[in-house]
2 protein chains.
Amino acid sequence: MNFKEALRERVGHVETLLKEYMPKEEGYQKTVIEAMNYSLKAGGKRLRPILTLEACKIVGGNEEDAIPFAMAIEMIHTYSLIHDDLPALDNDDLRRGRSTNHKVYGDAMAILAGDGLLNYAFEVMLSNSLNKENPAKYLKAINEIASSAGIYGMIGGQVVDVESEDKQIEKEKLDFIHLNKTAAIMVGCMRAGAIIGDANEEQLQEITTYAKDIGLSFQIVDDILDIVGDEAKLGKHVGSDIENNKSTYPSLLGLEESKKIAHDLINEAKMSIEKLSDDREFLNGLAEYIIDREY
Amino acid sequence: MNFKEALRERVGHVETLLKEYMPKEEGYQKTVIEAMNYSLKAGGKRLRPILTLEACKIVGGNEEDAIPFAMAIEMIHTYSLIHDDLPALDNDDLRRGRSTNHKVYGDAMAILAGDGLLNYAFEVMLSNSLNKENPAKYLKAINEIASSAGIYGMIGGQVVDVESEDKQIEKEKLDFIHLNKTAAIMVGCMRAGAIIGDANEEQLQEITTYAKDIGLSFQIVDDILDIVGDEAKLGKHVGSDIENNKSTYPSLLGLEESKKIAHDLINEAKMSIEKLSDDREFLNGLAEYIIDREY
C-alpha cells in the first residue's frame, strides 16, 4: 500500500469514527448540533486526528485508547475554523468548497456552534477518561490538548495573526504566529496520543520535534499555496494574503527560500522519528505529503 | 456576621483569587489577555465560584482544593457573557455598568477573548489537577463542569433562548432555557466542588437539588427584575424582554405567580441542604438573597 492509499484509509477511518462521536441532532438545541456537525462533516485533511492516532501507535500504544483525543482535536480544529471564518474575523464565505458555517446558520449560531464544539471536545475527552486504570495519564493528555489550543497556543497565534493584518511584521513575530496558530495544536495532539500510548520522556521529545517541524512546514506551505496554488483544488480563494498585505514566509524571504526552509523542516522531522520505531513509513510519508500537497 | 457581610467577604476572597489566577498580560498575544481580564475584572456577583467553594466546604472538604474549579467556573461564566453581548447575539453595549468587551476591544478580539477564557478555564482546572493523590476525582469534577457548560447545559439553553426571540414559547421550552442556560452551570459548579470535597452520592444529590432550585429561581428573578428592577442598580437596560417580545415567567404566568414559584424553589433549596451540615447558614442566606436581590 502506498502512502496515498494509506492516507485515504486513515481519513476514512477518522470520518467513520467522527460520525460515531458527533452529538445526536435532537432535542430543543438541535440547531446548534446540526451547525456543529455541518462543519465536522465538511471534510478536510483530518491531519490532526490521524497524527494523534499515529503518535499513540508509533510509541507502541493501542490506538483505540487515543480515539476520543483524536476526535476532540478535530472538534477543536473545526471550532477554530468556524470562528475564523466569521465576518468579524476573516469574513470567508467558502471553506473546503462549501458555504461557511455562518453563511448557512447565521452569525449567532456559528458563534455558539464554535463554542459548543470547543466545549464538546473536552466533554468527549473527559467522559471517555472516567473509570480508567491510569487516570493521571488521561489528565496529562487532556492537559496537553488544552494548553496547545489556548492563548499560549492556537488562540495566541490567531490573535497575533488578526492584529498583524495590513501590517508588515518581522520574522520573529511571523514565526510566533505560525508556531502557535498551526504547529502548537499538532504538537499537542501528537503529545496527547503519545502520552496515551505510554511514551517515555525521550519518545515524547522526538514526537514533539516531529510535530513542531511538520506544523511549521505546513503553515509555510499554506503561505506558498496562497501564491501558487490552484483555487479549484484548494477549495478556497487564492491570493488573499497579497490582497490583505499579509506578511508571510514568501513575502519576507522569497518563494524559493521559503520552499527550502519547508523542505529542511520536513527532513528534520523525518530524522527525529528515526529512533522511535521501524514502522514509521506512514509518518515519513505524511511529512513528505505536507510539502508536496496541492491543497 | 450577617449574611451581607459574609457575602461581601467571600466576594472579596474570590476577587483576590481571580487576580492570582488571571493570565499575565504579556507576550505578543497581550491584547487578548487584556480583553479576557477586562471582563474577568468587571465585577458581578461572583455567585458561581462562591457556590463551588461552599459546596466543597459543606460536605466536609477543604475549600482550598476547589479553588481552581471556582476560578474556572467564573471564567466560563465570563466567556458566555462576552459572547452573549456580541452584536450577532444580544448586541449589548453595557454590562455591569461598563462597556461590553466588544465595545472596548472590537468584535474579533471579543470572540477570541471568549474562546480564550473557555479554553483557559480547562487549562486552569487541568494544570492544577496534575500530580494529585486522587486523579480520578479531579477528572470527575472537571467532567461535571464540562458537561454543564456545553450543548447539554449552558450553551444548549443559550441556543434555544436565541432561537426563541420574537416568538411566544410554551412553559416547557422556557423551563428548558432557564434550567440549561442558568441552572445547569450552578449545578455543575456545586457538584464539582462537592466532588472535590469527597461528597458521597446522597450529599451530591442534595447539593444538586439545592443548585438546580436556586438556579431556576435566579433566572425567574432575573425575568422579574427586567420588569420591576432599577436600571441604576442593575447596571443594565431594563425592559428589554418586553421590547423583544420575549416569553418569560412573568409573561407566561404573571408577576405574582412567578414570585411565588421563585419563593417555593428557594424553600425547597433550603430544605434540601438541611441534612448536609449544621453549618449551612451561608447557603441558606444565599438562597434567600437570590429572591431578595435588586440586581
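The values are calculated or read from the model by the stated rules, or taken from the named source; none is laboratory data. If you're wondering where the values come from, they're calculated on a predicted model, not measured in any experiment. Cβ placement follows ideal geometry from the backbone for every residue including glycine, while neighbour counts extend to all protein chains displayed. Surface areas here come from the heavy atoms of the whole protein model, side chains and all, with no ligands, DNA or RNA. Shrake-Rupley method; radii C 1.70, N 1.55, O 1.52, S 1.80 Å.
Considering only the stretch A:195-246, give the helices (runs of 4 or more DSSP H) lying wholly within it that have at least 3 residues that are among the polar types (S, T, N, Q) and modelled with pLDDT under 95.
Per the criteria, no element qualifies.
Against the condition more than 11 Å from every other protein chain (Cβ to nearest Cβ), within 30 Å of A:Phe176 (Cα to Cα) and either over 21 Å from the mean Cα position of the chain (by Cα) or of a type in the set (A, V, I, L, M, F, W, C) (or both), how does B:Leu7 come out, does it pass?
When the stated conditions are applied, B:Leu7 does not pass them.
Take the conditions surrounded by fewer than 24 Cβ atoms within 10 Å (Cβ to Cβ), within 8 Å of chain B (Cβ to nearest Cβ) and either farther than 18 Å from B:Ala121 by Cα or under 17 Å from the mean Cα position of the chain (by Cα) (or both) and apply them to A:Val160. Does it pass? Step through it out loud before you land on a result.
Details: surrounded by fewer than 24 Cβ atoms within 10 Å (Cβ to Cβ): yes; within 8 Å of chain B (Cβ to nearest Cβ): yes; either farther than 18 Å from B:Ala121 by Cα or under 17 Å from the mean Cα position of the chain (by Cα) (or both): yes.
Against the criterion (surrounded by fewer than 24 Cβ atoms within 10 Å (Cβ to Cβ), within 8 Å of chain B (Cβ to nearest Cβ) and either farther than 18 Å from B:Ala121 by Cα or under 17 Å from the mean Cα position of the chain (by Cα) (or both)), A:Val160 qualifies.
If I go through the stretch B:19-47 residue by residue, how many of them are open to solvent by 30 Å² or more (accessible area, probe 1.4 Å) and either in contact (Cβ under 8 Å) with a residue 12 or more places away in the chain or more than 10 Å from chain A (Cβ to nearest Cβ) (or both)? Break it down stepwise before answering.
First, pick out the residues of the stretch B:19-47 that are open to solvent by 30 Å² or more (accessible area, probe 1.4 Å): B:19-21, B:24-28, B:30-31, B:34, B:38, B:41, B:44-45.
Checking the rest, the ones that are also either in contact (Cβ under 8 Å) with a residue 12 or more places away in the chain or more than 10 Å from chain A (Cβ to nearest Cβ) (or both) come to B:19-21, B:24-26, B:31, B:34, B:38, B:41, B:44-45.
Qualifying residue count, the stretch B:19-47: 12.
Answer with yes or no whether B:Tyr249 is touching a Gly at 6+ places or on another chain (Cβ under 8 Å) and either farther than 26 Å from B:Ala6 by Cα or open to solvent by 80 Å² or more (accessible area, probe 1.4 Å) (or both). Spell out the reasoning first.
On the way: touching a Gly at 6+ places or on another chain (Cβ under 8 Å): no; either farther than 26 Å from B:Ala6 by Cα or open to solvent by 80 Å² or more (accessible area, probe 1.4 Å) (or both): yes.
No; evaluated as a whole, the condition is false for this residue.
Among the residues in the stretch A:257-275, are any at positive phi and either surrounded by fewer than 20 Cβ atoms within 10 Å (Cβ to Cβ) or at pLDDT 95 or above (or both)?
No, the stretch A:257-275 contains no residue that is at positive phi and either surrounded by fewer than 20 Cβ atoms within 10 Å (Cβ to Cβ) or at pLDDT 95 or above (or both).
Please pick out the residue among A:Tyr79, A:Tyr105, A:Tyr120 that is more than 10 Å from chain B (Cβ to nearest Cβ) and of a type in the set (Phe, Trp, Tyr).
A:Tyr105
Checking the structure you have, find out if any residue of the stretch B:80-98 is basic (Lys, Arg) and at pLDDT 95 or above.
No, the stretch B:80-98 contains no residue that is basic (Lys, Arg) and at pLDDT 95 or above.
State all residues of the stretch B:202-239 that are among the polar types (S, T, N, Q) and open to solvent by less than 30 Å² (accessible area, probe 1.4 Å); if no residue qualifies, say none.
B:Thr208, B:Ser217, B:Gln219
Test of understanding: among B:Leu118, B:Leu130, which residue is over 20 Å from the mean Cα position of the chain (by Cα) and either modelled with pLDDT under 95 or of a type in the set (A, V, I, L, M, F, W, C) (or both)? Even if it seems obvious, please write down each step before you answer.
Details: B:Leu118 fails: over 20 Å from the mean Cα position of the chain (by Cα).
None of the other options fit; the residue is B:Leu130.
For the stretch A:180-189, check the following and say yes or no: at least one residue is out of contact with any strand residue (DSSP E or B) (no Cβ under 8 Å at 6 or more places or on another chain), of a type in the set (D, E, K, R), surrounded by 21 or more Cβ atoms within 10 Å (Cβ to Cβ) and at negative phi.
yes
Tally the residues that are under 19 Å from A:Ala113 (Cβ atoms) and crowded, with 24+ Cβ neighbours inside 10 Å, restricting the search to the stretch B:103-120. If you could, list the steps in order and put the result at the bottom.
To start, the set of residues in the stretch B:103-120 that are under 19 Å from A:Ala113 (Cβ atoms) comprises B:107-108, B:110-119.
Retained after the next criterion (residues that are crowded, with 24+ Cβ neighbours inside 10 Å): B:110-119.
Number of matching residues: 10.
Kindly indicate which of A:Ser129, A:Ser147 is closer than 17 Å to A:Gly193 by Cα, surrounded by fewer than 24 Cβ atoms within 10 Å (Cβ to Cβ) and within 7 Å of chain B (Cβ to nearest Cβ).
None of the other options fit; the residue is A:Ser147.
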